[in-house]
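The values are calculated or read from the model by the stated rules, or taken from the named source; none is laboratory data. From a predicted model like this one, the values you see are computed outputs, not experimental measurements. Cβ sites come from the backbone with ideal geometry, for glycine too, and all protein chains shown count toward neighbours. For accessibility, only protein heavy atoms count, side chains too; no ligands or nucleic acids. Shrake-Rupley method; radii C 1.70, N 1.55, O 1.52, S 1.80 Å.
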Amino acid sequence: MNPNNIKNLYFVGAGGIGMSALIRYFLSKGKKIAGYDRTRSELAEKLISEGVDIHFIEDEKLIPPDFRNKNTTLVIFTPAVPHEHVELKYFREYGFKILKRSQLLGLITKSTKGLCVAGTHGKTTVSSMLAHLLKHSATDCNAFLGGVSKNYDNNVLLSDKSDFTVIEADEYDHSFHCLAPYMAVITATDPDHLDIYNTPNAYRESFEKFTSLILPGGALLLKKGTNITPNLAENVKLYTYSSTDKTSDFHAENIRINNEEIHFDFISPTLRVINVQLGVPVKVNIENAVAAMALASLNGVTADEMRNAMKSFAGVERRFDLKVKTAKTVYIDDYAHHPEELKKSILSVRELYGGRKISAIFQPHLYTRTRDFAVEFAESLSLLDELILLDIYPAREEPITGVTSQIIFDKVTIPDKILCGKDELMKIVENKHFDILMTLGAGDIDRFVKPLTEELKRRE
């Protein structure tokens, strides 16, 4: 199937960040788009304003007439949509071609040069950096991102002259096994999604299978020390990267962190890029930048283009997203929802802001992740000076007996900690002073970002 030959696309779960990127891609190509989503989110409303026919009630009668012809309509869904969804059942019953979101992305990688960024964490930032580097070079690209780029106010970037496509390769539900990468990055393989993979070994094996999908003549960029054994096709090159390990093919040297700025030199097998300044100056972004610059350099981006682009990179919404910076208070919003991500986020802020008091509001995401990593969550959160812990955001899951935020809370070792519901949060915030505040989590904690920003600015 050539995706460019499709006339109509119907998206079940249209308001998701990954689905919306595909919707915007096909809108740009003149396709007719409609779909369903459970939630009337801000993103869904934006898609409606852009010309997408979205409804929010699960009802086959609401499928528009133009999308009832199986010969002209392709149906796309995400793994988060239940198998028994009424509209999916209708499409199956009448013989429509139905693909997962990842399968459609796979078709796109087969018709372009896919630069795929995978990993337990860091993939949204690395893919967004990589897309920005390519956009600021003669190479250019299309890009499907897992977050909204602050440089472009979008999660999809388009080009009519480049055959490169940057794709955030999601491991959930084995989705990245549908891709056909020209080149790939793996940022980390710390176990996650054990509701799908069951064991840490099975999780890591899924990344090994992903490496086998890289096309001959391509390359794999692997973070140094990552605990997998790549299974590469013939003529696929293997490179390693690291923030500081000089035995890696790509790494950083001469790192300077001062005056809330970060500079470093980028080292590769063929060139040295002097005095790279991070547009988003947090320590973890050194490693992210090395990965993005490595893949960019392998695909023709020059030293000057990389240096200029990294300085202008504004970041991704909800990834080390600086919301308030005044003489009294700094407020950073971050998507971190895995123990290792939390650890890196907190330590990066600690490095940047020295001895200042760091407070965080954290919302655990999923009952299974909380159950599987309660000890690790507590260890990471104990790196804070103050914690406000919210109830678990369930997403697609039903409650699990005995699994609540309490099992994390009881293991957190810092004395300054509070466990509360979302309805209590703003009242608690009103009575607290914050030096450095972080909001952390992948659920609906983002609903509090605007009121928290307004409250902190009001105090100035």
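Can you find, within the stretch 1-26, the residue that is most open to solvent (accessible area, probe 1.4 Å) among those that are closer than 19 Å to Thr72 by Cβ and of a type in the set (Val, Ile, Thr)? Don't jump to the end; show me each part of the working.
Initially, the stretch 1-26 is screened for residues closer than 19 Å to Thr72 by Cβ, giving 1-12, 14, 22-23, 25-26.
Now narrow it down to the ones that are of a type in the set (Val, Ile, Thr): 6, 12, 23.
Details: Ile6: 17, Val12: 0, Ile23: 0 Å².
Ranking the qualifying residues of the stretch 1-26, first place goes to Ile6.
Select from the stretch 423-449 the residues that are free of Cβ contacts under 8 Å to residues at least 40 places away in the same chain and touching a Lys or Arg at 6+ places or on another chain (Cβ under 9 Å) and write down the one among them that is nearest to Asp385 (Cα to Cα).
Here the answer is His433.
So that you can scan it fast, the table gives a plain yes or no per residue for (1) of a type outside the set (Phe, Trp, Tyr); (2) in contact with a Phe, Trp or Tyr (Cβ under 8 Å, 6 or more places away or on another chain); (3) more than 23 Å from Pro216 (Cβ to Cβ):
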{"position": "Ala131", "(1), (2), (3)": "yes, no, yes"}
{"position": "Cys141", "(1), (2), (3)": "yes, yes, no"}
{"position": "Leu145", "(1), (2), (3)": "yes, no, yes"}
{"position": "Ser149", "(1), (2), (3)": "yes, no, yes"}
{"position": "Asp153", "(1), (2), (3)": "yes, no, yes"}
{"position": "Asp163", "(1), (2), (3)": "yes, no, no"}
{"position": "Tyr172", "(1), (2), (3)": "no, no, yes"}
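Can you find a residue that is assigned to a strand (DSSP E or B), at negative phi, in contact with a Leu (Cβ under 6 Å, 6 or more places away or on another chain) and β-branched (Val, Ile, Thr) anywhere in the stretch 31-39?
Within the stretch 31-39, one or more residues are assigned to a strand (DSSP E or B), at negative phi, in contact with a Leu (Cβ under 6 Å, 6 or more places away or on another chain) and β-branched (Val, Ile, Thr).
One line per residue, one yes/no per condition, for (1) touching a Phe, Trp or Tyr at 6+ places or on another chain (Cβ under 7 Å); (2) surrounded by fewer than 17 Cβ atoms within 10 Å (Cβ to Cβ):
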position: Tyr353; (1), (2): no, yes
position: Ile358; (1), (2): no, no
position: Ile361; (1), (2): no, no
position: His365; (1), (2): yes, no
position: Glu376; (1), (2): no, no
position: Pro394; (1), (2): yes, yes
position: Glu397; (1), (2): yes, yes
position: Ile408; (1), (2): yes, no
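Looking only at the stretch 242-270, how many residues end up being out of contact with any Ser or Thr (no Cβ under 7 Å at 6 or more places or on another chain), assigned to a loop (DSSP other than H, G, I, E, B) and not polar (S, T, N, Q)?
Residues that pass the stated criteria total 4.
Given the criterion of a type outside the set (A, V, I, L, M), more than 28 Å from Asn227 (Cα to Cα) and in contact with a His (Cβ under 9 Å, 6 or more places away or on another chain), identify the matching residue among Ser111, Ser149. Steps first, please.
Numbers: Ser111 fails: in contact with a His (Cβ under 9 Å, 6 or more places away or on another chain).
Just a single option satisfies the conditions, and that option is Ser149.
Could you say which residue among Phe362, Phe373 is without any contact (Cβ under 8 Å) to a residue 60 or more places away in the chain and not small (Gly, Ala, Ser)? Talk me through it step by step, then tell me what you get.
Values: Phe362 fails: without any contact (Cβ under 8 Å) to a residue 60 or more places away in the chain.
Going through Phe362, Phe373 in turn, the sole match is Phe373.
Could you list all residues from the stretch 244-284 that are closer than 30 Å to Asn201 by Cβ, at pLDDT 95 or above and open to solvent by less than 40 Å² (accessible area, probe 1.4 Å)? Even if it seems obvious, please write down each step before you answer.
At the first step, the residues of the stretch 244-284 found to be closer than 30 Å to Asn201 by Cβ are 244-245, 247-251, 284.
Filter once more, so that each one left must be at pLDDT 95 or above: 245, 247-251.
Within the stretch 244-284, Ser248, Phe250, His251 qualify.
Got a sec? Which of Lys89, Lys61, Lys29, Lys46 is open to solvent by 70 Å² or more (accessible area, probe 1.4 Å) and within 22 Å of Ile108 (Cα to Cα)? Spell out the reasoning first.
On the way: Lys89 fails: within 22 Å of Ile108 (Cα to Cα); Lys61 fails: within 22 Å of Ile108 (Cα to Cα); Lys46 fails: within 22 Å of Ile108 (Cα to Cα).
Answer to the selection: Lys29.
If a residue must be touching a residue at least 24 places away in the same chain (Cβ under 8 Å), over 25 Å from Ile274 (Cα atoms) and either among the basic types (Lys, Arg) or in contact with a Ser or Thr (Cβ under 9 Å, 6 or more places away or on another chain) (or both), how many such residues does the stretch 216-235 contain?
Qualifying residue count, the stretch 216-235: 3.
Can you find a residue in the stretch 170-180 that is crowded, with 19+ Cβ neighbours inside 10 Å, more than 23 Å from Leu145 (Cα to Cα) and aromatic (Phe, Trp, Tyr)?
No, every residue in the stretch 170-180 fails to be crowded, with 19+ Cβ neighbours inside 10 Å, more than 23 Å from Leu145 (Cα to Cα) and aromatic (Phe, Trp, Tyr).
Restricting the first residue to the stretch 29-46 and requiring it to be under 20 Å from Leu157 (Cβ atoms), which pairs with a second residue that is open to solvent by 90 Å² or more (accessible area, probe 1.4 Å) and assigned to a loop (DSSP other than H, G, I, E, B) meet a Cβ separation below 9 Å and a spacing of at least six or different chains?
Within 9 Å, the pairs are Lys31/Lys7.
Got a sec? Which of Ala291, Ala327, Ala336, Ala314 is open to solvent by 30 Å² or more (accessible area, probe 1.4 Å), among the hydrophobic types (A, V, I, L, M, F, W, C) and within 17 Å of the chain's Cα centre (by Cα)? Spell out how you get there, then give the answer.
Details: Ala291 fails: open to solvent by 30 Å² or more (accessible area, probe 1.4 Å); Ala327 fails: within 17 Å of the chain's Cα centre (by Cα); Ala336 fails: open to solvent by 30 Å² or more (accessible area, probe 1.4 Å).
Step by step, each of Ala291, Ala327, Ala336, Ala314 is checked, and only Ala314 is open to solvent by 30 Å² or more (accessible area, probe 1.4 Å), among the hydrophobic types (A, V, I, L, M, F, W, C) and within 17 Å of the chain's Cα centre (by Cα).
Scan the helices (runs of 4 or more DSSP H) fully inside the stretch 78-181 and keep the ones with 3 or more residues being touching a Cys at 6+ places or on another chain (Cβ under 6 Å) and basic (Lys, Arg).
Correct list: empty, since no element meets the threshold.
Is it true that some residue in the stretch 196-204 is of a type outside the set (Ser, Thr, Tyr), open to solvent by 20 Å² or more (accessible area, probe 1.4 Å), touching a residue at least 24 places away in the same chain (Cβ under 8 Å) and assigned to a loop (DSSP other than H, G, I, E, B)? Lay out the reasoning, then the answer.
Here is the first cut: in the stretch 196-204, the residues of a type outside the set (Ser, Thr, Tyr) are 196, 198, 200-202, 204.
The next check asks that each one be open to solvent by 20 Å² or more (accessible area, probe 1.4 Å); those that pass are 196, 198, 200-202, 204.
Now narrow it down to the ones that are touching a residue at least 24 places away in the same chain (Cβ under 8 Å): 196, 204.
Retained after the next criterion (residues that are assigned to a loop (DSSP other than H, G, I, E, B)): none.
No, the stretch 196-204 contains no residue that is of a type outside the set (Ser, Thr, Tyr), open to solvent by 20 Å² or more (accessible area, probe 1.4 Å), touching a residue at least 24 places away in the same chain (Cβ under 8 Å) and assigned to a loop (DSSP other than H, G, I, E, B).
His433 is checked against (1) at pLDDT below 95; (2) more than 23 Å from Pro200 (Cα to Cα); (3) out of contact with any Ser or Thr (no Cβ under 8 Å at 6 or more places or on another chain); (4) buried (at least 16 other Cβ atoms within 10 Å of the Cβ) and fails just one. What number does that condition carry?
(4)
Which of the numbered conditions does Glu305 fail, given that it passes all the others? Conditions: (1) buried (at least 18 other Cβ atoms within 10 Å of the Cβ); (2) under 19 Å from the mean Cα position of the chain (by Cα).
(2)
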